[in-house]
Amino acid sequence: MSGPTNIYLEHFGFTERPFSLVPDPDFLFWSPNHKRAYTMLEYGLLTKAPITLITGEVGAGKTTLVHHLLKDISDDIIIGLLSNVQGDKGDLLRWVLLSLDQNAPREASYVELFNQFQQFLIAQYAQGNRVVLIFDEAQNLTKAALEELRMLTNINSNKDELLQLILVGQPELRDIIRSPDLTQFAQRVAASFHLEAMDAAGVTSYISHRIRKSGAVRMIFTQQACSLIHRKTRGVPRLVNQLCDFALVYASTDGKKMVTERTVQSVLDDGIFFFEPQEPEISNS
């Protein structure tokens, strides 16, 4: 298969594409914020927090952290991973059961599904296992769904909680949970972290990290190019990946061995990078 990305792999000496948009835990860059976010995920598991909350902008690396967590999870933790779950009462419980490889007959009543789920939790507890549900894109859950999840965390045995929740979502998820009608839910959040975008130095280190992970033996982006990439992406990893990928295509097409500020500007001038941050207003006072 030929194509621009395959051409630039050979041109720059890469063994694989350095700036794919697909979350890949093998490429995870441990910025200080990512380390703290991951530590909070581990803390939530270790302390058996009823609800752990991780938020960040689109493309900040939240899903990659979750995938890394799944790679390191111990055998006594049973994981149900759900993304973009929506629906009416009962649909959520069906999605939960399916994520745990349990049958969820459409004809079953909510009471039957709840009893099935409760028996599953008790059986896992008896085997020395813990059950953790991870909801990615959790900002799409309705308040009713969040309240339903809170009720599920009330299932216990001998004062031991049988279920833990990890909610991963965009910043508005925090605002939703802070709503007055979700006070009881908020009180169950025992671990939380908001993943900020990278600063200018972080973006440079991030680009260098992914270049090395892809097999290159030298830094291919100039410092000026990295600075422009930071300004135009606001330090969001997914946007950095997109702009860097375009820049590598442009540089290889021009026969260049370095990505310069001019290369990045050419990508921006051609309009193929669609994200454009608003410039801060300048005060005249």
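All other residues with a Cβ under 15 Å from the Cβ of Phe120 taken together, and with Lys, Arg as +1 and Asp, Glu as -1, what is their net charge?
Once all neighbours under 15 Å are counted, the net charge is -1.
Quick one: Cα centre-to-centre distance for segment 118-191 and segment 219-242, in angstrom?
Each part's Cα centre sits 37 Å from the other's.
Go ahead and estimate [θ] at 222 nm for the chain from helices alone: -39,500 (n - 2.57) per DSSP H run with n ≥ 4, summed, over the residue count, rounded to 500.
Calculated from helices alone, the mean residue ellipticity at 222 nm is -14000 deg cm²/dmol.
If the only charges are +1 at each Lys and Arg Cβ and -1 at each Asp and Glu Cβ, what is the size of the charge dipole of segment 168-285 around the Cα centre, to the nearest 20 debye? Each step should come with its number before you reach the end.
Working: 14 positive and 13 negative charges, 139 e Å.
My answer is approximately 660 debye.
Once you sort the root eigenvalues of the Cα gyration tensor of segment 1-52 as a ≥ b ≥ c, which label holds: rounded (a/c under 1.5), prolate (a/b larger than b/c) or oblate (the other case)?
Details: a/c = 5.13, a/b = 3.31, b/c = 1.55.
Note, shape of segment 1-52 comes out prolate.
Please find, in a Gaussian network model of the chain (springs between Cα atoms separated by less than 10 Å), the residue of Glu147, Glu107, Glu16 whose mean-square fluctuation is greatest.
It is Glu107.
Projecting each Cα onto the charge dipole of the chain (Lys/Arg +1, Asp/Glu -1 at the beta carbon, about the Cα centre), which of Val96, Ile176, Ser266 comes out farthest on the positive side?
Value computed over the given set: Ser266.
Pick out the long, greasy-scoring helices in the chain: whole DSSP H runs spanning 18 Å or more along their own axis by Cα, mean Kyte-Doolittle at least -0.5.
Helix filter hits for the chain: 110-126, 200-213, 237-253.
Please work out whether the chain counts as rounded, prolate or oblate from its C-alpha gyration tensor, where a ≥ b ≥ c are the square roots of the eigenvalues and a/c under 1.5 means rounded, while otherwise a/b larger than b/c means prolate and anything else oblate?
Details: a/c = 2.49, a/b = 2.00, b/c = 1.24.
It comes out prolate by the Cα gyration axes.
Give the shape of segment 53-95 as rounded, prolate or oblate, defined through the alpha-carbon gyration tensor: a ≥ b ≥ c are the square roots of its eigenvalues, a/c under 1.5 means rounded, and otherwise the shape is prolate if a/b is larger than b/c and oblate if not.
Judged from the Cα gyration tensor, segment 53-95 comes out oblate (a/c at least 1.5, b/c at or above a/b).
Give the relative contact order (percent, whole number) for the chain; include only Cα pairs under 8 Å separated by 6+ residues.
Relative contact order, the chain: 27 percent.
Return a whole-number percent for the relative contact order of segment 1-156, with Cα pairs under 8 Å and 6 or more residues apart as the contact set.
The value is 23 percent.
Anyone know which of Glu148, Glu112, Glu172 comes out most mobile in the 10 Å Cα GNM of the chain?
Greatest mean-square fluctuation among the candidates belongs to Glu112.
Between Thr183 and Asp75, with labels modelled 7 Å along Cα→Cβ, what's the label distance in nm to one decimal, could you check?
Each label point is offset 7 Å from its Cα along the Cβ direction, giving 4.6 nm.
Relative contact order for segment 21-75 using alpha-carbon pairs under 8 Å, separation at least 6, rounded to a whole percent?
Averaging sequence separation for qualifying contacts and normalising by length gives 50 percent for segment 21-75.
Which residue, Thr142, Thr183, Thr233, has the most motion in a Gaussian network model of the chain that connects Cα atoms within less than 10 Å?
Thr183
Could you tally up the Lys pairs in the chain with alpha carbons closer than 15 Å? Skip any pair fewer than 8 positions apart unless they're on separate chains.
Eligible lysine pairs with Cα atoms under 15 Å apart amount to 4.
Sum up the charges of everything whose Cβ sits under 15 Å from the Cβ of Arg178, counting Lys and Arg as +1 and Asp and Glu as -1, but leave Arg178 out.
Charge balance in the 15 Å sphere: 0.
No lab work stands behind these numbers, since they all come straight from the coordinates. Source: prediction; values computed, not measured. Quick reminder, even Gly has a Cβ in these numbers, built from the backbone with ideal geometry, and neighbours come from all protein chains shown.
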